[in-house]
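Written out below as structure tokens is the structure these notes cover.
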């Protein structure tokens with residue numbers, strides 16, 4: 001049985017930060033009820049490219065969910081939201097700070113109907129502080145967190161990370177906090193309010209980079225693919241495609257020297273120790289650049305792996321799925337979805353005794369409105385009015 005079987009989550013989120021969090025809860029067995037606007041739903045539904053009529057962007061973070069279409073600006077729909085929340089365990093939302101309160105659907109309002117509710121708000125800047133009301137998408141969070149300042153080449157502008165780490169960091173802490181609150185509720189019998197700031201979450205990921213600044217009193221330098229602490233650490237061109245190579249110990253260095261058939265370099269005073277390699281970075285990197293270009297990436301990966309030297313080919317988002325190890329880990333799943341199917345990434349953690357599973361694909365907008373509102377006590381004629389709104393309200397621009 002999935003660990004969150006019997007837990008119901010009302011998911012009033014869209015785009016990435018909230019949907020990714022609620023999808024993780026759904027993978028753990030929670031019933032996740034996605035609340036969407038009748039006029040187009042989650043704005044992620046409109047993001048290309050599309051497969052089987054669904055956005056690839058949307059499907060990546062919305063499997064295993066049910067969809068109810070409600071216009072939370074209308075009193076009738078607000079009442080329906082509260083009816084669903086009354087029987088739920090968790091509400092998660094990622095609206096701008098204060099919007100759910102404006103709708104009359106904030107934590108205090110929901111708690112009047114359900115004292116045990118766990119209510120999680122994910123916003124860019126959190127529910128306190130001078131930036132509380134400001135809009136924040138991922139690049140804004142990456143910029144202000146310090147992450148962009150340390151990402152990219154040293155002689156170019158700061159780069160954002162290629163994945164939305166601000167959204168994902170907020171998602172991860174939201175799930176962690178919801179699970180903690182569910183665990184605590186077993187003893188206390190009371191719910192909780194959870195304030196997740198994407199900015200706070202991303203800053204917490206600075207970890208060792210913040211440690212550098214705290215210890216040295218200086219900003220961590222932007223070094224592209226290199227690292228201050230270790231040499232070599234980075235990307236090298238080979239005869240066909242680049243490869244990442246890392247040496248963090250003197251033992252690694254000795255092993256690398258054997259792989260490149262230059263064992264004498266292992267005892268060369270310029271490179272024999274971590275400090276020496278750091279001091280002679282440019283000379284060492286130039287030497288290795290000349291060596292690695294002589295063979296293919298596959299050759300070097302296998303040779304380095306045989307000597308237990310950390311290295312990896314650099315895959316694009318197509319190539320990653322062709323690797324034999326990644327295939328063996330069964331991370332890629334094909335899910336039947338209506339008349340077709342789509343590929344998705346499974347929950348990445350494997351358990352001995354717990355079960356995570358993909359039970360269904362992504363919902364059509366409002367697909368479960370009738371069933372769930374019927375369970376909440378609404379009549380067929382009342383539900384007809386909710387469903388009519390899906391067809392009659394204008395689409396999002």
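Checking 324, 380 one by one, the residue that is over 30 Å from residue 247 (Cα atoms), modelled with pLDDT of 95 or more and loosely packed, with under 12 Cβ neighbours inside 10 Å is 380 and no other. Using the structure shown, decide if residue 227 is in a loop (DSSP other than H, G, I, E, B) and at pLDDT below 95. It is true that residue 227 is in a loop (DSSP other than H, G, I, E, B) and at pLDDT below 95.
So, residue 174, is that one assigned by TED's automatic domain parsing to the domain that holds residue 128, in a helix (DSSP H, G or I) and surrounded by 18 or more Cβ atoms within 10 Å (Cβ to Cβ) or not? Yes: the conditions hold for residue 174. Residue check: residue 139 meets all listed conditions (1) part of a helix (DSSP H, G or I); (2) under 21 Å from the mean Cα position of the chain (by Cα); (3) surrounded by 18 or more Cβ atoms within 10 Å (Cβ to Cβ) but one, namely (3).
For segment 92-136, a residue qualifies if it is without any contact (Cβ under 8 Å) to a residue 40 or more places away in the chain, in a helix (DSSP H, G or I) and closer than 22 Å to residue 176 by Cβ, and exactly one does: 110. Using the structure shown, decide if residue 271 is more than 26 Å from the chain's Cα centre (by Cα) and either under 30 Å from residue 180 (Cα atoms) or not in a loop (DSSP other than H, G, I, E, B) (or both). No: the conditions fail for residue 271. Filter segment 53-62 down to the residues that are in a loop (DSSP other than H, G, I, E, B) and touching a helix residue (DSSP H, G or I) at 6+ places or on another chain (Cβ under 9 Å), then identify the one that is surrounded by the fewest Cβ atoms within 10 Å (Cβ to Cβ). Step by step, filter segment 53-62, then rank; the result is 60.
Conditions tested, residue by residue: (1) buried (at least 23 other Cβ atoms within 10 Å of the Cβ); (2) under 25 Å from the mean Cα position of the chain (by Cα); (3) over 21 Å from residue 204 (Cβ atoms); (4) not assigned by TED's automatic domain parsing to the domain that holds residue 188.
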{"position": "87", "(1), (2), (3), (4)": "no, no, yes, no"}
{"position": "90", "(1), (2), (3), (4)": "yes, yes, yes, no"}
{"position": "104", "(1), (2), (3), (4)": "no, no, yes, no"}
{"position": "128", "(1), (2), (3), (4)": "no, yes, no, no"}
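Scanning segment 63-83 for residues that are over 27 Å from the mean Cα position of the chain (by Cα) and in a helix (DSSP H, G or I) yields a count of 8. Taking (1) in contact with a helix residue (DSSP H, G or I) (Cβ under 8 Å, 6 or more places away or on another chain); (2) in a helix (DSSP H, G or I) in turn, residue 309 satisfies each apart from (2). Based on this model, can you work out whether residue 157 counts as touching a residue at least 60 places away in the same chain (Cβ under 8 Å), more than 21 Å from residue 62 (Cβ to Cβ) and part of a loop (DSSP other than H, G, I, E, B)? No: the conditions fail for residue 157.
All but one of (1) in a helix (DSSP H, G or I); (2) crowded, with 16+ Cβ neighbours inside 10 Å; (3) under 35 Å from the mean Cα position of the chain (by Cα) hold for residue 277, so report the exception by its number. Single failed check for residue 277: (3).
The values are calculated or read from the model by the stated rules, or taken from the named source; none is laboratory data. These figures come from a predicted structure and were not determined experimentally. Positions of Cβ are generated from backbone atoms using ideal geometry, with glycine treated the same way; all protein chains shown enter the neighbour counts.
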